[in-house]
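Asker: First the structure, which I've put down as structure tokens, then a few questions once you've had a look.
The values are calculated or read from the model by the stated rules, or taken from the named source; none is laboratory data. Since we're looking at a predicted model, the values are computed, not measured. For the accessible areas, the whole protein counts, side chains as well, though only heavy atoms, and no ligand, DNA or RNA atoms are used. Shrake-Rupley method; radii C 1.70, N 1.55, O 1.52, S 1.80 Å.
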Amino acid sequence: MGIECAPLLAALHEVTFRGGEVWDATSFAALLSGCGTEATVAVFGTVPAGFILARTILDETEILTLAVHPDFRRRGIGKSLVQNVLGKGKVFLEVSVCNIQAAALYEKCGFVKAGLRRGYYRDGSDAQVLVSSNV
Ligand SMILES: CC(C)(COP(=O)(O)OP(=O)(O)OC[C@H]1O[C@@H](n2cnc3c(N)ncnc32)[C@H](O)[C@@H]1OP(=O)(O)O)[C@@H](O)C(=O)NCCC(=O)NCCS
């Protein structure tokens, strides 16, 4: 999906990351207007239930954010969204060392630890760098 989905992504991001680092529609529009950035939205029935935003530069793809609405979790939606991006080749991402559920998801999808970025997030927490092991 393109820039037109920025408001939808912002709404899903808000409900998913409430109390954390929420990105607004302007931020999503700016990201989506950049070269190589793509959003995929998962629809459950007729309801948008989650999305993944990824940026591909040459042969590397970075997962910028992943969100599944709290009402639709543990149904395989997050895993399907990640697997969809894995088809692109080498994939990497940053995830908070405090984010146990996302770390479990990425491990299940075959990601391995590649580094640590200290103080990466606004609250001062560290980010684990993960890379796909399918390459
Ligand atoms: C992380 C997140 C995307 C997972 O989405 P989801 O659709 O619920 O995940 P899935 O149903 O595809 O789960 C796949 C696997 O991930 C792991 N997992 C997912 N949620 C988990 C949880 N709360 N606790 C432990 N393991 C979890 C499990 O191994 C799960 O497999 P299983 O259900 O067979 O046990 C979702 O919880 C979310 O949006 N969290 C807030 C935003 C976030 O942290 N995004 C990632 C930022 S990098």
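Asker: Mind checking the per residue accessible area of the chain for me, 1.4 Å probe, whole number of Å²?
Answerer: 56 Å²
Asker: Whenever you get a sec, compute what percent of the accessible area on the range 3-132 sits on carbon and sulfur atoms (1.4 Å probe).
Answerer: 54 percent
Asker: Kindly provide the helix-only [θ] at 222 nm of the chain, computed as the sum of -39,500 (n - 2.57) over DSSP H runs of four or more divided by all residues, to the nearest 500 deg cm²/dmol?
Answerer: After summing the helix terms and dividing by the residues of the chain, the value is -8000 deg cm²/dmol.
Asker: Let me ask something else about it. Percent relative contact order of the range 3-132, based on C-alpha pairs within less than 8 angstrom and at least six residues apart?
Answerer: RCO, the range 3-132: 17 percent.
Asker: Would you mind estimating how fast the chain diffuses translationally, via Stokes-Einstein at 4 °C and 1.567 mPa s with the Kirkwood radius over Cα pairs, in µm²/s?
Answerer: Translational D for this selection: 85 µm²/s.
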